[in-house]
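Notes for the one structure printed next.
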Amino acid sequence: MTTAALEREWRRYTPRQRLARFALYFGIVAACVVSLRTVQIIPEFLYDAPEQMADLLRRMWPIEWSYYPGGVHDALIETLHIATLGTILSVFTSCARRRSTMRPSFCWFRRGP
């Protein structure tokens, strides 16, 4: 082997790729710094967050079952209906977009004349 082959150093990225990666990382860090400086969070709200969470959990437990029929049941059923309709819509959408992955008998409504 020649000495030039032994002295050659392998680098994973070219200088252009390293510069592009640095610019990307620098841009991400700069965007995070700018967003952290401009977001309007009141520190006092963060300081008492554990107290607020404890209060929320104390009010959630024990469960007051007498409130369920009038205040929770209707909203729960409506939420389940929305989830069911969303699931059905997503199945139809996936069938329309990827007919090749679905069984042809399932996509009968998408067949044209």
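The values are calculated or read from the model by the stated rules, or taken from the named source; none is laboratory data. Quantities reported herein were computed from a predicted structural model and do not represent experimental measurements. Ideal geometry is used to build each Cβ from the backbone, glycine not excepted, and the neighbour counts take in all protein chains shown.
Considering each residue of the stretch 32-48, count those that are among the hydrophobic types (A, V, I, L, M, F, W, C) and surrounded by 10 or more Cβ atoms within 10 Å (Cβ to Cβ), and give that number. Walk me through how you get there before you give the answer.
Here is the first cut: in the stretch 32-48, the residues among the hydrophobic types (A, V, I, L, M, F, W, C) are 32-34, 36, 39, 41-42, 45-46.
From what's left, surrounded by 10 or more Cβ atoms within 10 Å (Cβ to Cβ): 32-34.
So the answer is 3.
Assess whether Arg16 counts as being of a type in the set (Lys, Arg) and at pLDDT 90 or above. Walk me through it before giving the result.
Numbers: of a type in the set (Lys, Arg): yes; at pLDDT 90 or above: yes.
Yes; evaluated as a whole, the condition is true for this residue.
Evaluating Tyr68 against the criteria (1) surrounded by fewer than 10 Cβ atoms within 10 Å (Cβ to Cβ); (2) more than 27 Å from the chain's Cα centre (by Cα) leaves one unmet condition, (1).
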